[in-house]
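Since the structure comes first, as structure tokens, the remarks are kept for the end.
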Amino acid sequence: MKPTHIEHIGIAVKDLQASIKFYENILGLKCYAVEEVQDQKVKTAFFKVGQTKIELLESTEPDGPIAKFIENKGEGIHHIAFAVDDVEASLKEMESKGVQLIDKQPRKGAEEMSIAFLHPKSTGGVLIELCE
Ligand code: ZN
């Protein structure tokens, strides 16, 4: 596997609209897309910073993974996404190297990307997303 760059950083927030205001009015970034990913029970907002994006994540359900994350750890950085050429091949490679996978197969994430998560137990506590 050879990640080419950090595709995005995922940040768990309680209130997407309030957070969008902070990123736009205080940090001076521009939100270019808001999208709901039903599969993951999240509403996302995207900002570009050079080649890398910031992905804000608000839970749409009280039992969604982002709601649970905030319950346990509070708001903050949720995951780091690396851009790779081939998510499926990368997953096979990670598995062969003993990395515990959350997704055995790539699935569809926001922005029509093919994504998969590695388990933080195998990655030093960081939830890593691979995306293509
Ligand atoms: Zn992500």
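The values are calculated or read from the model by the stated rules, or taken from the named source; none is laboratory data. Predicted, not measured: the structure shown is a model, and the values here were computed from it. Every residue, glycine as well, gets a Cβ built from its backbone with ideal geometry; the counts of neighbours run over all protein chains shown.
General remarks:
- Restricting 44, 52 to those that are among the hydroxyl-bearing types (Ser, Thr, Tyr), under 25 Å from residue 132 (Cα atoms) and surrounded by fewer than 18 Cβ atoms within 10 Å (Cβ to Cβ) reduces the list to 52.
- Taking every residue in segment 6-21 that is farther than 18 Å from residue 110 by Cα and of a type outside the set (Asp, Glu) and pairing it with any residue that is modelled with pLDDT of 95 or more and part of a helix (DSSP H, G or I), at least 6 positions away or on another chain, the pairs with Cβ-Cβ distances below 7 Å are 14/70.
- So residue 95, is it of a type outside the set (Ser, Thr, Tyr), closer than 28 Å to residue 23 by Cα and not in a loop (DSSP other than H, G, I, E, B): no
- Residue match in segment 74-83 (condition: surrounded by fewer than 13 Cβ atoms within 10 Å (Cβ to Cβ) and within 16 Å of the ligand (Cβ to nearest atom)): yes
- Segment 28-71, residues that are in contact with a Gly (Cβ under 6 Å, 6 or more places away or on another chain) and in a loop (DSSP other than H, G, I, E, B): 41
- Scope segment 7-22; condition within 16 Å of the ligand (Cβ to nearest atom) and either exposed (fewer than 15 other Cβ atoms within 10 Å of the Cβ) or part of a helix (DSSP H, G or I) (or both); matching residues: 16, 19
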